[in-house]
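The values are calculated or read from the model by the stated rules, or taken from the named source; none is laboratory data. These numbers were taken from a predicted model, which means no experiment stands behind them. Backbone-built Cβ (ideal geometry, glycine too); neighbour counts: all protein chains shown. Side chains included, ligands, DNA and RNA excluded: accessible areas come from the protein's heavy atoms. Shrake-Rupley method; radii C 1.70, N 1.55, O 1.52, S 1.80 Å.
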Amino acid sequence: MPTGDLTSEQLLALDREHVWHPYAPMPGVRPPLLVESASGVRLRLAEPVGGVRELVDGMASWWSAIHGYAHPVLDEAIRGQLGRMGHVMFGGLTHEPAIRLAAELVEMTPGPLQHVFLADSGSVSVEVAMKMCLQYWRSRGRPGKQRLLTWRGGYHGDTWHPMSVCDPDGGMHDLWSGALPRQVFADAPPREFEQAYVDHLAGLFERHADEVAAVIVEPVVQNAGGMRFHSPRYLQALRELASAHDVLLVFDEIATGFGRTGELFGAEHAGVSPDVMCVGKALTGGYLSMAATLCTREIADGISRGELPVLAHGPTFMGNPLAAAVATASLHLLRQNDWRAQVGRIEKGLAAGLEPARDLPGVRDVRVLGAIGVVQLDHEVDVAAAGAAAVREGVWLRPFRDLVYTMPPYVTDDEDLARICAGAIAAAQAG
Ligand SMILES: *Cc1c(COP(=O)(O)O)cnc(C)c1O
């Protein structure tokens, strides 16, 4: 490995030689863009690409950087915490950043959710949610309840058990269908309310209630599984069916949480409260990896009265003080910035800016909810061509499957938002 300053060329050569990227082969086939720094809603590249050095970020770093990059308040939260401690173990010790964050989360999520498990990534928070549910029923003398119910088209993470509830077809994980635990799948939820679909769900609850511990879904929007929206009335139906059949209800709000869909949490579109809720992604404003699993008193009590009266989970970096401090600062900013106004403005901008995409050949649907804008094609996107077209417009997007979409930072101003929409349209045309 060369010593001293490395040129962009050297860095990219080392990257290609040694570094795995998400969902990529080794070595990679499409060279990634080398980012030098990021500020506000802009990524600054180390070298210009086709004359473009700065990209407006339409992805908010996988939907997490809701306040933009290098935000002075968030930077200061980490710096201030760093002066006290970067990390201490959470077993037998505790600290103010984690306590404050947990209290904030309890306050802002639906009332019945009272207990918080701080996990180190979204997938882990889903693992913890599943473990909570299975352990709850075991403690209650129903050890046969070990399966999960979900609907097709979902995404809940890349670790083993979360993979088992991701969309079983066409997703990234169908390779493993024979090796994963076999869960109970309903059809994907239709966009509009249909009683026949609720009847279909009810049939599955009736048939599988004895073996199902919990139903897990992304409320209102299925994100990485296909950016599909559905009627919040299905969430009300799930709440009723789950309660009637002794099944716990888990909402995975890792993508939908913290205002993204126009309500603080997806659950609020339906006015229901789950028994367990996962949050992540935007939790730290995109600064550090942290997620959380919240549950009701009933579940915590059930687990704590069982044969093994503890929740058997405890990651090394649980409750990391730096992540907790920046998360709390990000939640304060959310309120201070009036997230509802920010997201409402972005929703209007996306609706107007993406409207022309409807008339493009090959476009099947254009849909917007909160700060989520989707252009769905009637064919698989040519990812390389679509991405390059967006870059030529000065925009960073990462299309997948048949989708060109944006989930921009909430601080994106109208001009940059128009640019993102132009980038999405160019990407849809090229892809
Ligand atoms: C991203 C995501 C996850 C996984 O989170 P990681 O932090 O990537 O492990 C789980 N569920 C949903 C809904 C997600 O969007």
Task: Sole residue being among the basic types (Lys, Arg) and within 24 Å of the chain's Cα centre (by Cα), chosen from ARG207, ARG228 - done: ARG228
TODO: Tell me which residues, restricted to segment 139-154, are surrounded by 19 or more Cβ atoms within 10 Å (Cβ to Cβ) and out of contact with any strand residue (DSSP E or B) (no Cβ under 7 Å at 6 or more places or on another chain).
DONE: SER139
Task: Check on ALA386, under 17 Å from GLY58 (Cα atoms) and either in a loop (DSSP other than H, G, I, E, B) or open to solvent by less than 10 Å² (accessible area, probe 1.4 Å) (or both) - done: yes
TODO: Scan segment 42-65 and report the pairs whose first residue is under 27 Å from GLY370 (Cα atoms) and whose second residue is within 16 Å of the ligand (Cβ to nearest atom) and assigned to a helix (DSSP H, G or I), with Cβ atoms within less than 7 Å and a gap of 6+ or a chain change.
DONE: TRP62/LYS281; TRP63/LYS281; TRP63/ALA282; SER64/LYS281; SER64/ALA282
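From the list VAL19, VAL56, which one is farther than 15 Å from TYR287 by Cβ, in contact with a Ser or Thr (Cβ under 8 Å, 6 or more places away or on another chain) and not assigned by TED's automatic domain parsing to the domain that holds VAL391?
Values: VAL19 fails: in contact with a Ser or Thr (Cβ under 8 Å, 6 or more places away or on another chain).
Just a single option satisfies the conditions, and that option is VAL56.
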Task: Given (1) farther than 27 Å from GLY266 by Cβ; (2) in contact with a helix residue (DSSP H, G or I) (Cβ under 9 Å, 6 or more places away or on another chain), number of the condition LEU333 does not satisfy - done: (1)
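This table checks each residue for (1) in the same structural domain as THR256 (by TED's automatic domain parsing); (2) within 16 Å of the ligand (Cβ to nearest atom); (3) crowded, with 19+ Cβ neighbours inside 10 Å.
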site	(1), (2), (3)
TRP160	yes, yes, no
ALA186	yes, no, yes
GLU192	yes, no, no
LEU235	yes, yes, yes
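Would you be able to tell me the number of residues in segment 109-142 that are out of contact with any helix residue (DSSP H, G or I) (no Cβ under 7 Å at 6 or more places or on another chain) and farther than 23 Å from GLY157 by Cα? Write out each step before concluding.
Restricting attention to segment 109-142, the residues satisfying the condition of being out of contact with any helix residue (DSSP H, G or I) (no Cβ under 7 Å at 6 or more places or on another chain) are 109, 111-112, 120-121, 124-125, 128-129, 131, 133-134, 137-138, 141-142.
If we keep only those that are farther than 23 Å from GLY157 by Cα as well, we get 111-112, 137-138, 141-142.
Going through segment 109-142 one residue at a time, the tally reaches 6.
Being without any contact (Cβ under 8 Å) to a residue 24 or more places away in the chain and more than 12 Å from the ligand (Cβ to nearest atom), is that true of even one residue in segment 215-232? Outline the logic, then answer.
Of the residues in segment 215-232, the ones without any contact (Cβ under 8 Å) to a residue 24 or more places away in the chain are none.
No: zero hits.
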Open item on the list: Checking LYS131 against (1) part of a loop (DSSP other than H, G, I, E, B); (2) under 30 Å from THR328 (Cβ atoms); (3) within 16 Å of the ligand (Cβ to nearest atom): exactly one of these is not met. Which one?
Closed with: (1)
- [ ] Evaluate the following for VAL29: is it within 19 Å of ALA389 (Cβ to Cβ), free of Cβ contacts under 8 Å to residues at least 12 places away in the same chain and open to solvent by 70 Å² or more (accessible area, probe 1.4 Å)?
- [x] yes
Open item on the list: For segment 324-366, give me the residue count where each residue is without any contact (Cβ under 8 Å) to a residue 60 or more places away in the chain and either open to solvent by less than 60 Å² (accessible area, probe 1.4 Å) or in a strand (DSSP E or B) (or both).
Closed with: 5
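Which residue is most open to solvent (accessible area, probe 1.4 Å), if the candidates are limited to segment 167-184 and must be among the hydrophobic types (A, V, I, L, M, F, W, C) and modelled with pLDDT under 95?
Filtering segment 167-184 for residues among the hydrophobic types (A, V, I, L, M, F, W, C) gives 172, 175-176, 179-180, 184.
Narrowing further to those that are modelled with pLDDT under 95: 172, 175-176, 179-180.
On the way: MET172: 93, LEU175: 136, TRP176: 107, ALA179: 60, LEU180: 18 Å².
Restricting to residues being among the hydrophobic types (A, V, I, L, M, F, W, C) and modelled with pLDDT under 95, the top hit is LEU175.
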- [ ] Go through segment 392-411 residue by residue and tally those that are open to solvent by less than 10 Å² (accessible area, probe 1.4 Å) and of a type in the set (A, V, I, L, M, F, W, C).
- [x] 5
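Out of the residues in segment 103-128 that are of a type in the set (D, E, K, R) and more than 16 Å from the ligand (Cβ to nearest atom), state the one that is least open to solvent (accessible area, probe 1.4 Å).
The first filter runs over segment 103-128 and keeps only residues of a type in the set (D, E, K, R), leaving 104, 107, 120, 127.
Next cut, more than 16 Å from the ligand (Cβ to nearest atom) only: 104, 107.
Values: GLU104: 31, GLU107: 149 Å².
So, considering only residues that are of a type in the set (D, E, K, R) and more than 16 Å from the ligand (Cβ to nearest atom), the one least open to solvent (accessible area, probe 1.4 Å) is GLU104.
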Open item on the list: So, in segment 268-289, how many residues would count as being within 16 Å of the ligand (Cβ to nearest atom) and open to solvent by 10 Å² or more (accessible area, probe 1.4 Å)?
Closed with: 6
Open item on the list: I need every pair where a residue in segment 239-265 that is of a type in the set (Asp, Glu) and within 16 Å of the ligand (Cβ to nearest atom) has its Cβ under 7 Å from the Cβ of a residue that is open to solvent by less than 30 Å² (accessible area, probe 1.4 Å) and in a loop (DSSP other than H, G, I, E, B), sequence separation at least 6 or different chains.
Closed with: ASP252/HIS156; ASP252/GLU218; GLU253/PRO219; GLU253/PHE265; GLU253/GLY266
